[in-house]
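K.L.:
To start, I am sharing the structure in question, which I have written as structure tokens.
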Amino acid sequence: MKRVLASCLFFPLAVMAQDSVFKSPRVLCTALESEGIPTAGWKPSKADPSEWTCMSQLVSFGTSRGGGMEPNIAYYIRSTAFDRANEIRIKININNPAEKELAFAKLQSATTKFFKSVGQTPPAGLLTAIAQKKPQVVTAPFGQAELEFQPGHIESYVVVLKEAGYVAANKAVVQGATNEFAQCKKVTAKAVNYSESLISGDGAPVMEPGHKSFMLKGQGKDLFFCEMHGGGKYKIKAAINGAFPFKYIAEGNL
């Protein structure tokens with residue numbers, strides 16, 4: 001009886017926390033306006049009509065380096081339903097490495113402001129990750145919060161908030177692609193001639209026209225996309241030591 005009662009008491013609180021973060025996407029789209037980050041409003045996605053999105057422009061701050069771009073910040077919300085959000089992102093692009101401290105201060109301010117706008121306290125682990133500039137995944141009452149590093153020729157970090165149902169659905173997709181992910185690790189390790197144990201990734205497939213792909217990390221700054229095509233064919237493209245753009249280095253049959 002105690003176990004059932006505890007479950008009944010906990011569930012409404014979890015649902016309330018989830019709803020307060022992800023409900024009313026039209027309102028969420030305005031959450032960072034006071035931070036100078038407006039969006040174009042909640043609209044069907046042009047890239048995928050089954051999705052709804054709102055996004056800001058890249059908002060610059062700080063100073064540039066050598067006539068290049070200043071650091072910038074952007075805000076994105078997406079969903080498969082018009083009446084609630086699935087995923088919320090706040091991203092910084094550190095175009096000038098000298099402004100890294102300012103960029104993270106901007107990210108922390110925007111993250112704190114977002115949670116204040118939905119009447120919630122930011123997950124402590126998320127703010128710690130931002131303060132330490134260390135990517136981390138944090139379990140939250142509403143689902144999942146993460147500070148994610150995005151590899152590329154520009155240093156970028158993203159605060160990613162995902163609702164519980166969306167997290168569960170993604171886990172199911174990853175589990176369904178376990179064998180293909182393992183095959184990708186194997187052929188990628190062979191292509192670059194080092195141990196498979198040095199290849200890692202989250203196992204989430206990226207669905208692209210005609211194939212799916214997995215992003216993998218190797219030694220140092222080595223990055224790979226392993227493409228899985230029909231008929232057991234694969235292609236691998238790489239950014240060795242972080243040298244972009246990606247270039248194809250191998251292909252074959254599994």
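The values are calculated or read from the model by the stated rules, or taken from the named source; none is laboratory data. Just so it is clear, the structure is predicted and the values come from calculations on it, not from any experiment. Here the Cβ is made from the backbone with ideal geometry for all residues, glycine too, and neighbour counts use every protein chain on show.
Okay, residues lined up against (1) surrounded by fewer than 15 Cβ atoms within 10 Å (Cβ to Cβ); (2) on the phi < 0 side of the Ramachandran plot; (3) assigned to a helix (DSSP H, G or I); (4) in contact (Cβ under 8 Å) with a residue 24 or more places away in the chain:
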position	(1), (2), (3), (4)
Lys113	no, yes, yes, yes
Gly125	no, yes, yes, no
Ile130	no, yes, yes, yes
Glu146	no, yes, no, no
Glu180	no, yes, yes, yes
Asp202	yes, yes, no, yes
Phe214	no, yes, no, yes
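K.L.:
Of everything in the range 191-200 that's farther than 14 Å from Tyr248 by Cα and not polar (S, T, N, Q), which residue is surrounded by the fewest Cβ atoms within 10 Å (Cβ to Cβ)?
P.N.:
Glu196
K.L.:
While we're on this one: Looking at Lys190, Lys221, Lys237, Lys186, which one is of a type in the set (D, E, K, R) and part of a strand (DSSP E or B)?
P.N.:
Lys237
K.L.:
For Gln219, only one of the following conditions fails: (1) modelled with pLDDT of 95 or more; (2) in contact with a helix residue (DSSP H, G or I) (Cβ under 6 Å, 6 or more places away or on another chain). What is its number?
P.N.:
(1)
K.L.:
Of everything in the range 216-254 that's under 22 Å from Gln150 (Cα atoms), hydrophobic (A, V, I, L, M, F, W, C) and touching a residue at least 60 places away in the same chain (Cβ under 8 Å), which residue is surrounded by the most Cβ atoms within 10 Å (Cβ to Cβ)?
P.N.:
Leu223
K.L.:
Check the range 84-92 and report whether any residue there is more than 22 Å from Tyr166 (Cα to Cα) and not basic (Lys, Arg).
P.N.:
Yes - at least one qualifying residue is present in the range 84-92.
K.L.:
Run Gly152 past the list (1) assigned by TED's automatic domain parsing to the domain that holds Lys100; (2) out of contact with any Lys or Arg (no Cβ under 7 Å at 6 or more places or on another chain); (3) in a strand (DSSP E or B) and report the number of the one that doesn't hold.
P.N.:
With respect to (1) assigned by TED's automatic domain parsing to the domain that holds Lys100; (2) out of contact with any Lys or Arg (no Cβ under 7 Å at 6 or more places or on another chain); (3) in a strand (DSSP E or B), Gly152 is out only on (3).
Yes or no, residue by residue, for (1) under 30 Å from Ser20 (Cβ atoms); (2) polar (S, T, N, Q); (3) over 17 Å from the mean Cα position of the chain (by Cα); (4) outside the structural domain of Asp48 (by TED's automatic domain parsing):
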{"site": "Asn193", "(1), (2), (3), (4)": "no, yes, yes, yes"}
{"site": "Lys217", "(1), (2), (3), (4)": "no, no, no, yes"}
{"site": "Ile236", "(1), (2), (3), (4)": "no, no, yes, yes"}
{"site": "Ala243", "(1), (2), (3), (4)": "no, no, yes, yes"}
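K.L.:
Mind telling me which of the residues Lys171, Lys162, Lys212, Lys190 ends up being basic (Lys, Arg), touching an Asp or Glu at 6+ places or on another chain (Cβ under 7 Å) and more than 25 Å from Lys100 (Cβ to Cβ)?
P.N.:
None of the other options fit; the residue is Lys162.
K.L.:
Looking only at the range 230-246, count how many residues are touching a Lys or Arg at 6+ places or on another chain (Cβ under 7 Å) and modelled with pLDDT of 95 or more.
P.N.:
Summing the residues that are touching a Lys or Arg at 6+ places or on another chain (Cβ under 7 Å) and modelled with pLDDT of 95 or more in the range 230-246 gives 2.
K.L.:
Taking Val192 and the conditions (1) under 27 Å from Ile90 (Cα atoms); (2) touching a residue at least 24 places away in the same chain (Cβ under 8 Å), which numbered condition does it fall short on, given that it satisfies the others?
P.N.:
Evaluating Val192 over (1) under 27 Å from Ile90 (Cα atoms); (2) touching a residue at least 24 places away in the same chain (Cβ under 8 Å) leaves (1) as the failure.
K.L.:
Here is a list of conditions, (1) within 18 Å of the chain's Cα centre (by Cα); (2) surrounded by fewer than 19 Cβ atoms within 10 Å (Cβ to Cβ), and Asn72 meets all of them except one; can you say which number that is?
P.N.:
It is condition (2) that Asn72 fails.
K.L.:
Now for a different question. Would you be able to say whether some residue in the range 141-152 is more than 25 Å from Gly67 (Cα to Cα), out of contact with any helix residue (DSSP H, G or I) (no Cβ under 7 Å at 6 or more places or on another chain), modelled with pLDDT of 95 or more and small (Gly, Ala, Ser)?
P.N.:
Among the residues of the range 141-152, not one is more than 25 Å from Gly67 (Cα to Cα), out of contact with any helix residue (DSSP H, G or I) (no Cβ under 7 Å at 6 or more places or on another chain), modelled with pLDDT of 95 or more and small (Gly, Ala, Ser), which makes the answer no.
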